[in-house]
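The values are calculated or read from the model by the stated rules, or taken from the named source; none is laboratory data. Nothing here was measured: the structure is a model prediction, and the numbers come from that model. Please note: Cβ atoms are built from the backbone with ideal geometry, for glycine as well, and neighbour counts cover all protein chains shown.
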Amino acid sequence: MRILLAATYETGRQPFGLASPAAILRQAGHTVDCADTAVRALDADAVRGADLIAFHLPMHTATKLAIPLIRRVRTLQPKAAICCYGLYAELNAEHLRELGVEAILGAEFETGLLALANGAGPAEPDAIGRVAFVTPDRSTLPALDLYASLDRGGRRDTVGYTEASRGCKHLCRHCPVVPVYNGVFRAVPGGVVLADIRQHVESGARHISFGDPDFFNGPTHAIRIVEALHRDFPAASYDVTIKIEHLLRHRDLLPTLARTGCLFVTSAVESVDDAVLAKLDKGHTRAGFHEAVGACRDAGLAISPTFVAFTPWTTPATYRAMLRDIADLGLVENVAPVQLALRLLITAKSRLLELDDIRAIAREFDPAALVHPWKHSDPAMDDLAACTLAAAHRMQASGATRTQSFSAVWRMAHEGPAPDFHLPARAAIPYLTEPWYC
Ligand code: SF4
């Protein structure tokens, strides 16, 4: 069978979600084309030649971008079967079926894609199976230098993206991983991860970005991998995502991360308001966030916090408190400006809908926006969210520094001038050039 695997947007990373099934399908004798429309327009000839067209939908923005493409490929190649797979395929199965998608595969999709290619009928998202992972095949993906790079004080390093695990042990209420994995995580075998890193390094990567929802869901597995990474590729650096709770519980492992080349840790702080953190079931407090910043610094790791800045419970005072904490902790240069502007997404099947106060404001699911829309009880908070988001985009487009962007947002929230922030030199804080995180 001739199969076209398509991705639309993976936060500036070369898609693991194409490379992994491409390897498994090719090993089974199928012909596989890969299209990443984030970096190259979809090739109409590849669409016309395909028997099966499968879209990888790992996140919200990717799914929104895929919807017009699904309509287009349906017109270009009406005989092909269309499949959607990944986290947001399962969350939005009903709407995708209305677009004519025959097969929906959720978590751990490689096995289902192979079954589909081998002639099984339309698949359903189902229990989380176990994938027999093989080394991802990246041979027909766009080159790494077309993707986000690592900025280290002005020096740009090529980045390779891989995954050492999928899913998550935790059940944070706002997280799209939860309705699909429901507290389960799956490790990718260490040999497969190391082989994927090797091919990235051989393609020019100097930095590896691990996309695991939480790198310390399996700390023993994680540490084995980074020790091997450092042994085999001592010049390579890497970054990981770890929740505050795990940074504190496994703080003894943080020096190992630093020693093996970890440059920074992304952590979903979400809020500095303990009442909001309890609503989100995040498993940490404001004090824990402060402690984790210190633990990372003690270990020599930069921390890159992410936030859900605007929730139904956010007030002008708590928003300003978030800015104040970021400034007081010396994190202005560690936070991507868009993180000061993100609004809570209530996705299909979200655990947030368990909460009475969310059900009271969540409107009917909007298939175009792929969320339950909501409005804040104080319209001024929605205005502030819109203004800060516009400012984040404007400042990024103009090449403003993070401090300049933060100062602009500060002025909006305080309706007054921003103080002089005493900041570490920008060169000290590495970051990926694609900041979007959704
Ligand atoms: S927010 Fe992070 S820790 Fe919480 S469930 Fe999602 S992936 Fe897991």
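The table that follows gives values for the structure above.
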{"quantity": "Residue in region 223-241 that is within 16 Å of the ligand (Cβ to nearest atom) and out of contact with any helix residue (DSSP H, G or I) (no Cβ under 7 Å at 6 or more places or on another chain) present", "calculated": "yes"}
{"quantity": "Residue ranges of helices (runs of 4 or more DSSP H) in region 209-309 with at least 1 members modelled with pLDDT of 95 or more, touching an Asp or Glu at 6+ places or on another chain (Cβ under 8 Å) and surrounded by fewer than 23 Cβ atoms within 10 Å (Cβ to Cβ)", "calculated": "244-249, 254-259, 274-280, 286-299"}
{"quantity": "Whichever residue in region 322-356 is farther than 20 Å from VAL269 by Cα and at pLDDT 95 or above and, among such residues, is surrounded by the fewest Cβ atoms within 10 Å (Cβ to Cβ)", "calculated": "ASP356"}
{"quantity": "Considering residues of region 139-162 that are buried (at least 19 other Cβ atoms within 10 Å of the Cβ) and either among the basic types (Lys, Arg) or not in a strand (DSSP E or B) (or both) only, the residue nearest to the ligand (Cβ to nearest atom)", "calculated": "ALA148"}
{"quantity": "Count of region 1-38 residues which are crowded, with 17+ Cβ neighbours inside 10 Å, part of a loop (DSSP other than H, G, I, E, B) and in contact with a Gly (Cβ under 9 Å, 6 or more places away or on another chain)", "calculated": "5"}
{"quantity": "Filtered residue count, region 249-288, keeping only those that are within 15 Å of the ligand (Cβ to nearest atom), under 19 Å from THR314 (Cβ atoms) and under 22 Å from the mean Cα position of the chain (by Cα)", "calculated": "11"}
{"quantity": "Residue satisfying all of: in region 63-79; outside any helix (DSSP H, G or I) and in contact (Cβ under 8 Å) with a residue 12 or more places away in the chain; surrounded by the most Cβ atoms within 10 Å (Cβ to Cβ) among these", "calculated": "GLN77"}
{"quantity": "Pair list, Cβ < 6 Å and 6+ apart or interchain, from region 266-293 residues that are assigned by TED's automatic domain parsing to the domain that holds GLY330 to residues that are of a type in the set (Ser, Thr, Tyr) and more than 16 Å from the ligand (Cβ to nearest atom)", "calculated": "ASP273/THR318"}
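Matching residues to (1) charged (D, E, K, R); (2) in a loop (DSSP other than H, G, I, E, B):
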residue: TRP313; (1), (2): no, yes
residue: ARG320; (1), (2): yes, no
residue: LEU323; (1), (2): no, no
residue: THR347; (1), (2): no, yes
residue: ARG363; (1), (2): yes, yes
residue: ALA368; (1), (2): no, yes
